[in-house]
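As structure tokens, the structure follows; a few thoughts come after it.
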Amino acid sequence: MLAPGPKQLSPPFICLLLASALMLACLVHNSQAYAQEGANILARKGNAQLHRGENENAIASLSEALSVGQLQIYTKASILNDRALAYTRIKKYERAMDDFNKAIEAFPEFATAYNNRGLLLNKLGFHQEAIKDFNRALALQPKSGAIIHNRANALLNAGAEKVAFKDYGKALSLLNDKTEPHLARGQIHWAHQRRYAALREFNLALEQNNNHAKLLYNRGQVYLALEQPTNAINDIAKAVHLAPNNQQYKMELATIYLNNGQHFQARQLLSKILQTDPLNAPALILRGRAYADKGDFSKALNDLDQAVSLTDGPAAYAERALLRSKYNMPDLATQDTSAAIQKAPKTARSWAALGQAALHDGLIGNAERYFLESLKRDKGYKLAKEGLVKLGIVQPDKQQQIFADDSLDDDSVLWTIVEHQKSNYIASHPKYPNLKVHLDLYGPNKPKILEWTVLTGKYKGFGLLRYDAGSKDKANPFEQVSIINLKKQKVLSIEPFRWGKKISKWDWKDYDVEIKDPDGITNKIALRTPPKRRKRPKVTSQSDWLWNDGGFWNSKPKAKKYKKKKRVRRKKKKKKFLGIFSF
């Protein structure tokens, strides 16, 4: 007997099964789509919270978004990257690093995650690993100025300054906002005492952002080194206004006020600092100096006593020794001097204060020794030099004669160079006694004057001093040009002339000159102020008059051009002989 075969399904039942399967697939697909949309909404919410600085809320929203089922690769990587940024802000660096790693694992071509992980590695001190991440990001986005700038920061931290400087130059050519690269380049120049190069970079950065506190502070420091205290005060005061909680800016401004003889402003600012931070010993020392200069002995001594009790440092003892010497307390002053010397003062100011104290007490030998110690730390320190002059001891500046070439004119030969501090050379000319040219150096050798040109014609009153900026070899010279206003005896700028085989381009105009350096960065130097053109007053036209019940009224009153009437002098007729009776 044959076994029965499988029961055949009827066609309607098959259709019902197929329809059920299709409906089930649609439901699964729709549920996944709804989940994906929900994750996107949560991701956008977390991103908005991140931008508002609500880091904890952002982490919660982004974590909820990640808890949804299967997400698209890019969506998951983006959410992990945002959550890692939030963790970084609240200083949970291990979790942040873990999220960055997961984001890159999920989407290996995610350049933003590589860049952000590089920023975190650089912040934590792993500079070489950060550079590798920035290189991976640049392989994916080769024209990203932000990533190149970040790599430059890592290279600078790793000690590769020259390569970093080139990267900052590349970033300048790609970024719309060039503030940060110019600031970084300026700080590199400033670290090497290239004052005018730093000033040029800071000026270019401030053209992009005039309210950048750090930029203003740095430019103020350069102005101070160039002996322009008024400009320094203006910049640092604005920096203090923009960053009112930055104590460093306030202390620097108070010091400049004090050294510039503006004791009232110094005391006022220092009192504000001490209101918020009454245990600030450096501020107490500075205010003690300010009270001493004013002649208020009790307040000055009170501040310096507090400073000594807080720090027990040489600066406080040196200032108190000077104060006590001025007010005829030689024994107490000697005790403070001994305490200061035992603690080995490191600053030129402290040694100069001890020298002044010894001078008040009539200890000539000690005073000379202290002033010389001050000058060892700062060859140009004014207070120490003045003290030596009072003692009848003049420290001659060792001048280096620049030219021995007979082919140069006599006026060029008169230029001399003096080394005031280590690698700080100043050029001067006897014909311009108030002129000091701080020479920027780009090599290990001493600078050398190459050419001196006094301009004529419409550029009369200006001079160009070309010099070798310490070039390492003749094959790759670094030559700079100082633009000098001879009437004001003032250096307007020092600009590049030749870097190796590359020469800068100079475009002279009526009132300024534009210099395009070998890197392609343009700087404009104003030579004169262009004359102001007077606006011609518009004459009222017939269309400006409207009819009104009271008559014609001028709807747009405008000043009529006033023309001064010329007085016509009538010629007197010459009287003929015999007057009216003449024929």
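Whose amide H sits under 5 Å from the amide H of LEU492, counting only residues 5 or more places off or on another chain, with H placed in the peptide plane?
ILE483, ILE484, ASN485
So for the range 157-235, what percent of the C-alpha to C-alpha distances run longer than 20 Å? Walk me through the numbers on the way to the answer.
On the way: 896 of 3081 pairs.
In whole percent, the long-distance tail amounts to 29.
Please state, rounded to one decimal and in Å, the Kirkwood hydrodynamic radius that the range 196-240 gives when every pair of distinct Cα atoms enters the mean of 1/r.
10.0 Å
Quick one: what are the phi-derived ³J(HN,Hα) couplings along the range 348-357, Karplus 6.51/-1.76/1.60 with θ = phi - 60°, whole Hz, x for glycine and proline?
5, 4, 5, 5, 5, 5, 5, x, 5, 5
In whole Hz and in residue order, list the ³J(HN,Hα) couplings for the range 198-203 that follow from phi through the Karplus curve 6.51 cos²θ - 1.76 cosθ + 1.60, θ = phi - 60°; x for Gly and Pro.
3J(HN,Hα) across the range 198-203, in whole Hz: 5, 4, 4, 5, 5, 5.
Check cross-link reach from LYS446 to the aspartates and glutamates: straight Cα distance under 19 Å, and skip same-chain residues fewer than eight apart.
Those aspartates and glutamates meeting the cut-off are ASP397, ASP405, GLU419, ASP468, ASP473, GLU479, GLU495.
Using Cα-Cα distances under 8 Å and only pairs 6 or more residues apart, what relative contact order does the range 399-526 have, in percent?
Relative CO of the range 399-526 lands at 14 percent.
What list do you get for GLU227, GLU479 if you sort them by fewest beta carbons within 10 Å?
GLU227, GLU479
From the phi angles alone, apply the Karplus equation (6.51, -1.76, 1.60; θ = phi - 60°) to the range 417-429 and give each ³J(HN,Hα) in whole Hz, x where the residue is Gly or Pro.
For the range 417-429, the Karplus curve yields 10, 10, 8, 7, 9, 4, 6, 10, 10, 10, 9, 9, 9 Hz.
Write down Rg/Rh for the range 399-526, rounded to two decimals, with Rg from the C-alpha atoms and Rh from the Kirkwood relation over Cα pairs.
Rounded to two decimals, Rg/Rh equals 0.95.
For the pairs LYS422/LYS524; LYS431/LYS460; LYS91/LYS250; LYS238/LYS385; LYS502/LYS524, note any where the Cα-Cα span goes beyond 26 Å.
LYS422/LYS524; LYS91/LYS250; LYS238/LYS385
Given N residues in the range 238-307, what is Rg(Cα) / (2.2 N^0.38 Å)?
Rounded to two decimals, the normalised Rg is 1.03.
In Å and whole numbers, how far do the C-alpha atoms of the range 79-229 stretch along each principal axis, longest first?
On the principal axes, the range 79-229 reaches 56, 30, 27 Å in Cα extent.
Every number in this text was worked out from the coordinates using simple rules, so none of it is lab data. All figures in this text were calculated on a predicted structure; none of them were measured in a lab. Using ideal geometry, Cβ is built from the backbone for each residue, glycine included, and neighbour counts are taken over all protein chains shown.
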